[in-house]
Amino acid sequence: MIYEEIIAELDKRKALLEEVSNYIWDNPEIAFHEVKAAEKLCGILEQEGFEIEKGIAGMDTAFKAAFGQGKPVIGILGEYDALDGMSQVQDALEKQIDSTKQYGHGCGHHALGTGSLGAVIGIKKFLQERHLEGTVIYFGCPAEEGGSGKCFMARAGVFAGVDAALSWHPCDTTGLFSGRTLAVIGVTYRFKGKSAHAAGMPHIGRSALDAVELMNVAVNFLREHVPQETRMHYSITNAGGKSPNVVQADASVFYYLRSPEPDSLLDIYNRVCKIAEGAALMTETQVEVDYHKGVSSLLPNSVLDSALFENLQALPLTGYSEEEYGYAARFKSTIEDQQQTLEELMSGAVDVNEILKHKEDDIYAFVKPRPAKDCLLFGSTDVGDVSRICPTSQIHTATWAAGTQMHTWQAVAQGKSSLMHKGILYASKILACTAADMFLHPELISSAKTELELKSSKQKYVSLMPEDAKPQIDRE
């Protein structure tokens, strides 16, 4: 249901949300270093009367901000990390590095964190106006890009006691962010051998690079013998040097292993570890396994999805001016046709024809139809761990020109546009109104929890993040 007090409050906060989003875009910071973004958000939340707890789960830029008291407890997830190598001049219609920045918001997390800020401000107003009992918490989640901040938070019990969680993501379309994702393990295998002159004394050497190559060959043979949804990809991060006439004494390979269910993923991980041991045995080298992180797959919740989707249908989409359509058209002209529907084709979330009929649109100013059933999205997100602790649901809203992909210079360039600002405000309203539904109708939360219990009955949540793993940004 749409609540006028929430809509009116957020319309009043429009300038604030734009200022915060622009500030974080202007000061991009990568995983675990989002100092300015976290300080900005915490400062505003403190002014709004939220109780702030900083440095949670061993991360300086992770925080939680709570308002209200008692049950239910509704969490809103916020992110604010940028990407390395994504520096881009604002509004430029070609890839153009901003000489003042190394990083850039290629995934729109400056907007994500801001939209979630707007949501909790709207919820606070609602609780006050209606004199309701309940608590809303803004979870400041660092390092979604590669660092999996929410997994450290989940492992530390930060989300314990939360009755439901909501979030959103910038996109070129508006709709539910629904579907299952893949659980993922990130692991590096470091081989150590013995150097020697590759021509004069090759029999003395023990090649760590040979071990890496043999391991990769064996993993490629393994692909036939794992569930078909499994994904295994690798990067040789240390080839042992640039001299071919030296037997390489050190070499490393970094793997991402993905599978729909955490238990099957652990089985695959153990098999890959055996392959690494076999490669070391064949080459008379030693192997060290560095398990960086583990992220659970997302469990969609149809009860919360329904609540979000009803509000997406009830709240009219933002209108756009002729100038905004022109702005979007100019960016769309920089995107190859194949890219323009890639995200929709990958998601499988709707009938592809539903998107293709809008192919000529410069802005996707419509709500995507709700998926008929859960689909498998072949990416991974640290929201997955949250979704296994409490019922969780997400939306995405149109913040970019039609066809804009995440992690592209086009996404960065449009980061301070009015399209972005309108998408932020719309997301804030939808999240806040859906949270309000839960505060007024606790049976909604009960139904969502029942669904989660049924879906997780065969496998209770256990964090895939190792107990000794620590947040870190610099990775070999």
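The values are calculated or read from the model by the stated rules, or taken from the named source; none is laboratory data. All values derive from a computational prediction rather than experimental measurement. Ideal geometry is used to build each Cβ from the backbone, glycine not excepted, and the neighbour counts take in all protein chains shown.
Computed quantities for the displayed model
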item: Unmet criterion (only one of (1) surrounded by 19 or more Cβ atoms within 10 Å (Cβ to Cβ); (2) of a type in the set (A, V, I, L, M, F, W, C); (3) part of a strand (DSSP E or B)) for Ala211; result: (3)
item: Selection within segment 1-55 - assigned to a loop (DSSP other than H, G, I, E, B), within 30 Å of Ser99 (Cα to Cα) and either touching a residue at least 24 places away in the same chain (Cβ under 8 Å) or outside the structural domain of Pro142 (by TED's automatic domain parsing) (or both); result: Pro28, Glu29, Ile30, Ala31, Phe32, His33, Glu34
item: Output for segment 164-185, where each listed residue is modelled with pLDDT of 95 or more and farther than 24 Å from Ala119 by Cβ; result: Leu182, Ala183, Val184, Ile185
item: Test: Thr399 is buried (at least 24 other Cβ atoms within 10 Å of the Cβ), in contact (Cβ under 8 Å) with a residue 24 or more places away in the chain, within 20 Å of the chain's Cα centre (by Cα) and more than 16 Å from Pro72 (Cβ to Cβ); result: yes
item: Selected residue (criterion: modelled with the lowest pLDDT) from residues of segment 365-374 that are surrounded by 15 or more Cβ atoms within 10 Å (Cβ to Cβ) and not basic (Lys, Arg); result: Asp374
item: Filter result (touching a residue at least 60 places away in the same chain (Cβ under 8 Å) and surrounded by fewer than 18 Cβ atoms within 10 Å (Cβ to Cβ)) within segment 261-272; result: Glu261, Asp263, Leu266
item: Residue pairs meeting the criteria (Cβ under 6 Å; at least 6 apart or on separate chains; first of a type in the set (D, E, K, R) and assigned to a loop (DSSP other than H, G, I, E, B), in segment 355-380; second surrounded by 15 or more Cβ atoms within 10 Å (Cβ to Cβ) and at pLDDT below 85); result: Lys368/Val350
item: Given (1) charged (D, E, K, R); (2) under 20 Å from Leu452 (Cβ atoms); (3) surrounded by 22 or more Cβ atoms within 10 Å (Cβ to Cβ), number of the condition Asp172 does not satisfy; result: (2)
item: Residues within segment 425-457 that are touching a helix residue (DSSP H, G or I) at 6+ places or on another chain (Cβ under 9 Å) and modelled with pLDDT under 95, tallied; result: 0
item: Options Leu93, Leu132; residue that is touching a strand residue (DSSP E or B) at 6+ places or on another chain (Cβ under 9 Å), assigned to a loop (DSSP other than H, G, I, E, B), hydrophobic (A, V, I, L, M, F, W, C) and surrounded by fewer than 20 Cβ atoms within 10 Å (Cβ to Cβ); result: Leu132
item: Single unsatisfied condition, His203 versus (1) in a helix (DSSP H, G or I); (2) touching a residue at least 12 places away in the same chain (Cβ under 8 Å); result: (2)
item: Flag for Gly68 being at positive phi, touching a Leu at 6+ places or on another chain (Cβ under 7 Å) and in the same structural domain as Glu39 (by TED's automatic domain parsing); result: yes
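Conditions tested, residue by residue: (1) among the acidic types (Asp, Glu); (2) over 26 Å from Ser296 (Cβ atoms); (3) within 17 Å of the chain's Cα centre (by Cα).
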| site | (1), (2), (3) |
| --- | --- |
| Lys95 | no, yes, no |
| Cys107 | no, no, yes |
| Leu112 | no, no, yes |
| Ala119 | no, no, no |
| Phe139 | no, no, yes |
| Pro142 | no, no, yes |
